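As structure tokens, the structure follows; a few thoughts come after it.
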Ligand code: DX5
Ligand code: ZN
């Protein structure tokens, strides 16, 4: 299981996104982009125009996490724009199978995200439709929140469901991932780690990515 690190630019300086992306270009695997619409979550960040600009400016593939009310309408456009991965929330999608298929047919990896209170078992039959399952380890909306240990059994269960399926699904964890919590997540079975404040809150973001990777790999 290869470990991947996806720094979240939510904790970066939005006035210097190209430079912030460049800072982790040689150490990270993805750049995590949190799209929030102030409806699905109580915060507003950025949308397609900024993603399109970032696609031109950044060398890392973009891992777009859509925390928006109507992913069925918007997700395919992020894939068509060139995002490497587009993740929709199970709680928001009205037609997740159709939307996941649209993301894939536009050439991106399709992700399905679950909030802390959303169980994974009802989505077991959808594993063949997804390339990545995202288990949220905070309530989505803001960076810098405390990791919720209550999601660890769900990460374990998700890994078990993935192992029992024929699908090659990555298991991502997002929220409060840091040098203190990443080992617990890896031990539970996660293999893709989003980290915002634990990367961009550090003086040397690239070194922070390296350190997180080393901890997850042990
Ligand atoms: C939260 C976002 C996360 C956030 C993580 O809703 O989805 O990606 O940027 O930030 P940290 O790592 O600081 O918890
Ligand atoms: Zn996120």
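Note on the stretch 1-41: among residues that are in a loop (DSSP other than H, G, I, E, B) and within 16 Å of ligand 2 (Cβ to nearest atom), the one that is nearest to residue 73 (Cα to Cα) is 40.
Residue by residue, here is whether (1) more than 14 Å from ligand 1 (Cβ to nearest atom); (2) under 15 Å from the mean Cα position of the chain (by Cα); (3) touching a residue at least 24 places away in the same chain (Cβ under 8 Å); (4) within 16 Å of residue 189 (Cα to Cα) holds:
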{"residue": "76", "(1), (2), (3), (4)": "yes, no, yes, no"}
{"residue": "80", "(1), (2), (3), (4)": "yes, no, yes, no"}
{"residue": "88", "(1), (2), (3), (4)": "no, yes, yes, no"}
{"residue": "104", "(1), (2), (3), (4)": "yes, no, yes, no"}
{"residue": "115", "(1), (2), (3), (4)": "no, yes, yes, no"}
{"residue": "120", "(1), (2), (3), (4)": "yes, no, yes, yes"}
{"residue": "135", "(1), (2), (3), (4)": "no, yes, yes, yes"}
{"residue": "143", "(1), (2), (3), (4)": "no, yes, yes, no"}
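If you go through the stretch 14-31 and keep only what is surrounded by fewer than 15 Cβ atoms within 10 Å (Cβ to Cβ) and touching a residue at least 60 places away in the same chain (Cβ under 8 Å), you end up with just 26.
Would you confirm, using the coordinates I've provided, whether residue 56 is in contact with a helix residue (DSSP H, G or I) (Cβ under 6 Å, 6 or more places away or on another chain) and exposed (fewer than 15 other Cβ atoms within 10 Å of the Cβ)? Here the answer is no, as residue 56 does not meet what is asked.
Within the stretch 25-53, the set of residues being farther than 17 Å from residue 136 by Cα and more than 16 Å from the chain's Cα centre (by Cα) comprises 25, 26, 27, 37, 38, 39, 44, 48, 49, 50, 52, 53. Among the residues of the stretch 61-74, the one identified as within 24 Å of residue 205 (Cβ to Cβ) and either more than 17 Å from the chain's Cα centre (by Cα) or away from ligand 1 (no atom under 15 Å from the Cβ) (or both) is 61. Checked against the criterion of being in contact with a helix residue (DSSP H, G or I) (Cβ under 6 Å, 6 or more places away or on another chain) and without any contact (Cβ under 8 Å) to a residue 24 or more places away in the chain, the candidates 183, 202, 187 yield just one match: 202.
All of the numbers you see were taken from the coordinates with simple rules; none came from a lab. Model, not experiment: these values are computed from the prediction. No Cβ is skipped: glycine too gets one built from the backbone with ideal geometry, and neighbour counts run over all protein chains shown.
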